[in-house]
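Worksheet: one structure, shown below.
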Amino acid sequence: MTQTVFITGTSTGIGAAAVRLFAAHGWQVAATMRNPADAKFSDLLGVRVYALDVTDAASVQQAVAQAEQDFGSLDVLVNNAGYGLVGPFETATAEQIQQQFATNVFGVFAVTQAALPTMRARQAGVIINITSVGGRTAFPMNSLYHATKFGLDGFSESLWYELAPFGIRVKVVAPGGVATDFAGRSLHMTADPAGAANPYAGQMRVVLAAFNRRGGAASQPEQIAEVIYQAATDGTTQLRYIAGADAQGILEAKAKMSEGNFMQMIQQNFAGNG
């Protein structure tokens, strides 16, 4: 029996790679994005594109209901849509804070709630939330992004217990750095790193430079998609999947070091005066 996966944020990057991988394995795919005109899946069999803005409740309900009607059921939900907000917390606007949580957290809540009734009725399903290594450890100048990813990690762990009696498995895929446009189109800043009036400008420049230096260790979107597919199909109750050698390395180091030594190491890695 052909299975169906519903994936958010599929216009580029990890989401687009996941669409192609699931389709290549013969799955039916509901590929969602804010602007369906951005879709590049016309060559793929079994893929349907739906307009979905995870921050719009009506859009969420409509997309999930239409996909369920078109495919009959949703076997796997991949909550992938999200973006990064970088920069000092002090300079973040109320609108920036609200939008970061609306997309990265509340959007996941809305899509998951919309998909749950049918999964629960069928007593089956897999929910995969794409978090980040930044949901298990933190780096400078990413406080709001980390707040969303740490929150999503905890949400997923609790939901794992809550949904197990209904045969629904909850999974977390936590990538490290990924060679996508996340640092471009999907990256927003709370302050100008070149701004003369920005008291954090020097620190911002150093942090951004440090992340750029680590770019060579980034995984390709296709590598992360493979981990997502594994989580969807391995039949286990495993909760967390750490995706990418860089993510695995940093979390292994954290597990072996005292908290103080680990934080000192991170601080030194991002040290400088701009």
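Since every read-out is calculated from the coordinates, none of them should be taken as a lab result. Just so we're clear, the structure is a prediction, and the values are computed from it rather than from any experiment. Don't worry about glycine lacking a Cβ; one is built from the backbone with ideal geometry, like all the others, and counts go over all protein chains shown.
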Placing one equal point scatterer on each C-alpha of the chain and summing with Debye, one gets log10 I(q)/I(0) at q = 0.16, 0.17 Å⁻¹ equal to -1.25, -1.38
Considering only ASN212, PHE109, ALA81, whose Cα is most displaced toward the positive end of the charge dipole of the range 65-217, charges sitting on Cβ of Lys, Arg (+1) and Asp, Glu (-1)? ASN212
Sequence-distant or interchain residues sharing an amide H contact under 5 Å with VAL86, placed H: which? HIS188, MET189, THR190
For the residues MET204, MET1, what sequence is obtained by ranking on other C-beta atoms within 10 Å, fewest first? MET1, MET204
In the Gaussian network model of the chain, springs joining C-alpha atoms below 10 Å, which of LYS171, LYS149, LYS256 carries the largest mean-square fluctuation? LYS256
Two pseudo-spin positions, 7 Å from Cα along C-beta at ALA209 and at ALA253, lie apart in nanometres by 1.9 nm
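So how much slack lies between GLN123 and THR55, counting 0.36 nm per residue of separation and subtracting their Cα-Cα distance, in nm?
21.7 nm
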So what are the ³J(HN,Hα) numbers for the range 30-37, from phi and the Karplus equation (6.51, -1.76, 1.60; θ = phi - 60°), rounded to whole Hz, Gly and Pro as x? 9, 9, 10, 6, 5, 10, x, 5
GNM flexibility winner over the chain from ARG213, ARG34, ARG136 (Cα, springs under 10 Å): ARG213
Phi-derived 3J(HN,Hα) across the range 244-250 with the Karplus relation (6.51, -1.76, 1.60, θ = phi - 60°), rounded Hz, x for Gly and Pro, is x, 4, 5, 5, 4, x, 5
Spelling it out for VAL170: with amide H atoms placed in the peptide plane at 1.01 Å from N, the residues 5 or more places away or on another chain with amide H under 5 Å from its amide H are ILE127
Return THR148, THR10 ranked ascending by Cβ neighbour count within 10 Å, so the fewest neighbours appear first. THR148, THR10
Would you mind giving the average projected area, over all directions, of the Cα convex hull of the range 142-274 in nm² with one decimal? 9.9 nm²
For TYR50, which sequence-distant residues (separation of 5 or more, or a different chain) have an amide H within less than 5 Å of its own amide H, given hydrogens modelled in the peptide plane? ALA31, THR32, MET33
Straight-distance crosslink candidates among aspartates and glutamates, where the alpha carbon sits under 12 Å from LYS171 and sequence neighbours closer than 8 are dropped: ASP153, GLU157, ASP234
Could you name the lysines in cross-link range of LYS254, using Cα to Cα under 19 Å and dropping any fewer than eight places away on the same chain? LYS149
Using the Cα centre of the chain as origin and beta-carbon charges of +1 (Lys, Arg) and -1 (Asp, Glu), tell me which of VAL49, ALA31, GLN248 is placed farthest towards the positive end of the dipole. GLN248
Can you tell me which of ALA194, ALA210, ALA39 moves the most in a GNM of the chain? Springs connect C-alpha atoms under 10 Å apart. ALA194
Near VAL111, within a Cβ-to-Cβ distance under 14 Å, what is the net charge of the other residues, with Lys and Arg +1 and Asp and Glu -1? -2
For the range 58-167, what Kirkwood radius comes out of the mean inverse Cα-Cα distance, in Å? 15.1 Å
